[in-house]
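Asks: Dropping a structure here in C-alpha cells format, bear with me for questions.
The values are calculated or read from the model by the stated rules, or taken from the named source; none is laboratory data. These figures come from a predicted structure and were not determined experimentally. For neighbour counting, all protein chains shown are included, and Cβ atoms are generated from backbone atoms with ideal geometry for every residue, glycine included. Just the protein is used for accessible areas: all its heavy atoms, side chains included, with ligands, DNA and RNA removed. Shrake-Rupley method; radii C 1.70, N 1.55, O 1.52, S 1.80 Å.
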Amino acid sequence: MKFNATSSAVPCSGHWAVEMQPDHFAGKAAVNYDEGVASSFAPENLEPTLQRLVELASDGDCLEFAIGTGRIALPLQAAGLRVDGIEFSPDMIGELKKKPGGSALDVRQGDMTTTEMGRSYSLVYLVFNTIMNLTTQTAQVQCFRNASKHLKKGGKFVVEVMVPALRLYPPGAIAVPSDVSSSHIGFDTYETASQKLTSHHVYIAADGTSHSNSIPFRYVWPSELDLMAELAGMKLHSRYADWNNNLFDDSSKAHVSVWEKI
C-alpha cells in the first residue's frame, strides 16, 4: 500500500475545494520509502506491471497519478514512453529527481483529484492501492473525473487495488495481521459503516530500535469503482486478479482494472 499524502475534494459553491490532509511522506519517510517497499522492485513483481502498461499505452503518452519515487515511471520512460506525473509530496518528488532519468520527467506537485497537466494522454494509471489514499468517496469520484479529463477518446485508466479483506475477519475481531516478522508488524483495522481502513505498522531496526505509524485509507469495492468510472464517462475494459492477467474471481485478493474513455 502506497502511503501517499491525500486530500478530500468536496463541492463548494459549484467548485471543488480541497481539504488537505498530512503529507505522510515528508522527510525520512520519503528517503526510506524505496527500502520499505523493496519487494515491489523485484523483477518478478515489476516486469509484469511494466509489460501490461506498455501494452495499454499502445505507444501513446502516459500520466501516473501519485508517481512517488518513480518505481513505475522511470522504467517506462526507459522503454521509450513519455511519462508525466502528479505527486502530492514534495519530498517524494525530490527523491524521484535524484534518480537517473528523474529530472527528465514532467512532474507536477499537487493533488491527483484536481491537478491538471494541460494535455491529454493515451494512458493514466494509479497503482499500489493508492486510490485508497483518498479518504472520501467524493475524492475518489473526483480522481476518476480528473483521469477522464486527461484521457484521449479511447484512452485507458488503470487502477491496481486490493479487495477489502473483510472475509478474513473472525466474528468480533477488530484486526487481522498483514505481516509479522522480526523487522515489521503490520495490521489493518476496518470501520465498515464508513468504509474506513487504518493501516498500522511497527518497523524494527537491527539494533532493536523501532518506529511506528498509522495511516488512514478508504477501502473501495470493484463495483463501486465501476460506477465512479461511469460517472466520469468511462466503461470497464477489463479486470484481472493481477498484472499477469489471471482470472478475477471470488478468491482474488486484489484486482487490476482498466476503464476506457467513451
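Asks: Of everything in segment 203-216 that's closer than 23 Å to I131 by Cα and touching a Phe, Trp or Tyr at 6+ places or on another chain (Cβ under 9 Å), which residue is surrounded by the fewest Cβ atoms within 10 Å (Cβ to Cβ)? First the steps, then the outcome.
Replies: In the first step, residues of segment 203-216 are kept if they are closer than 23 Å to I131 by Cα; the result is 212-216.
Still in the list and also touching a Phe, Trp or Tyr at 6+ places or on another chain (Cβ under 9 Å): 212-213, 215.
Values: S212: 10, N213: 12, I215: 21.
Once the filter is applied, the top-ranked residue is S212.
Asks: A follow-up question, please. Would you check which residues across segment 202-242 are free of Cβ contacts under 8 Å to residues at least 60 places away in the same chain and of a type in the set (F, W, Y) and list them?
Replies: Across segment 202-242, the qualifying residues are W221, Y240.
Asks: Read through the list (1) assigned to a loop (DSSP other than H, G, I, E, B); (2) open to solvent by 60 Å² or more (accessible area, probe 1.4 Å); (3) within 29 Å of L53 (Cα to Cα); (4) not acidic (D, E), then give the number of the only condition that S252 fails.
Replies: It fails just one condition, (2).
Asks: Does any residue of segment 98-121 turn out to be of a type in the set (S, T, N, Q), touching a helix residue (DSSP H, G or I) at 6+ places or on another chain (Cβ under 7 Å) and closer than 23 Å to H237 by Cβ?
Replies: Yes.
Asks: Quick check on segment 160-174. Is at least one of its residues open to solvent by less than 70 Å² (accessible area, probe 1.4 Å) and of a type in the set (K, R)?
Replies: There is no residue in segment 160-174 that is open to solvent by less than 70 Å² (accessible area, probe 1.4 Å) and of a type in the set (K, R).
Asks: Would you check which residues across segment 188-222 are within 21 Å of V161 (Cβ to Cβ), aromatic (F, W, Y) and touching a strand residue (DSSP E or B) at 6+ places or on another chain (Cβ under 9 Å) and list them?
Replies: Within segment 188-222, Y190, F217, Y219 qualify.
Asks: Looking at L46 and the list (1) among the hydrophobic types (A, V, I, L, M, F, W, C); (2) out of contact with any Ser or Thr (no Cβ under 9 Å at 6 or more places or on another chain); (3) modelled with pLDDT of 95 or more; (4) surrounded by fewer than 17 Cβ atoms within 10 Å (Cβ to Cβ), which single condition is not satisfied?
Replies: With respect to (1) among the hydrophobic types (A, V, I, L, M, F, W, C); (2) out of contact with any Ser or Thr (no Cβ under 9 Å at 6 or more places or on another chain); (3) modelled with pLDDT of 95 or more; (4) surrounded by fewer than 17 Cβ atoms within 10 Å (Cβ to Cβ), L46 is out only on (2).
Asks: Same structure again: Identify, please: which residue in segment 234-247 is buried (at least 16 other Cβ atoms within 10 Å of the Cβ) and in a loop (DSSP other than H, G, I, E, B) and is, among those, farthest from the chain's Cα centre (by Cα)?
Replies: Checking each candidate, the answer is A241.
Asks: Is it the case, given these coordinates, that K97 is touching a strand residue (DSSP E or B) at 6+ places or on another chain (Cβ under 9 Å), touching a residue at least 40 places away in the same chain (Cβ under 8 Å) and open to solvent by 50 Å² or more (accessible area, probe 1.4 Å)?
Replies: Taking the combined requirement at face value, the residue does not satisfy it.
Asks: Is one or more of the residues making up segment 132-155 surrounded by fewer than 23 Cβ atoms within 10 Å (Cβ to Cβ), under 18 Å from the mean Cα position of the chain (by Cα), over 17 Å from Q195 (Cβ atoms) and among the small types (G, A, S)?
Replies: yes
Asks: Moving on to the next point. Look through segment 199-227, keep the residues that are under 16 Å from the mean Cα position of the chain (by Cα) and of a type outside the set (F, W, Y), and return whichever of them is nearest to V141 (Cα to Cα).
Replies: L225
Asks: Let me ask something else about it. Kindly indicate which of L74, L105 is farther than 26 Å from M162 by Cβ, of a type in the set (A, V, I, L, M) and surrounded by fewer than 23 Cβ atoms within 10 Å (Cβ to Cβ).
Replies: Details: L74 fails: farther than 26 Å from M162 by Cβ.
Checking each option against the conditions leaves just L105.
Asks: Select from segment 161-183 the residues that are assigned to a strand (DSSP E or B), closer than 26 Å to W243 by Cα and not charged (D, E, K, R) and list them in ascending order.
Replies: Selection gives V161, M162, V176, P177, S178, V180.
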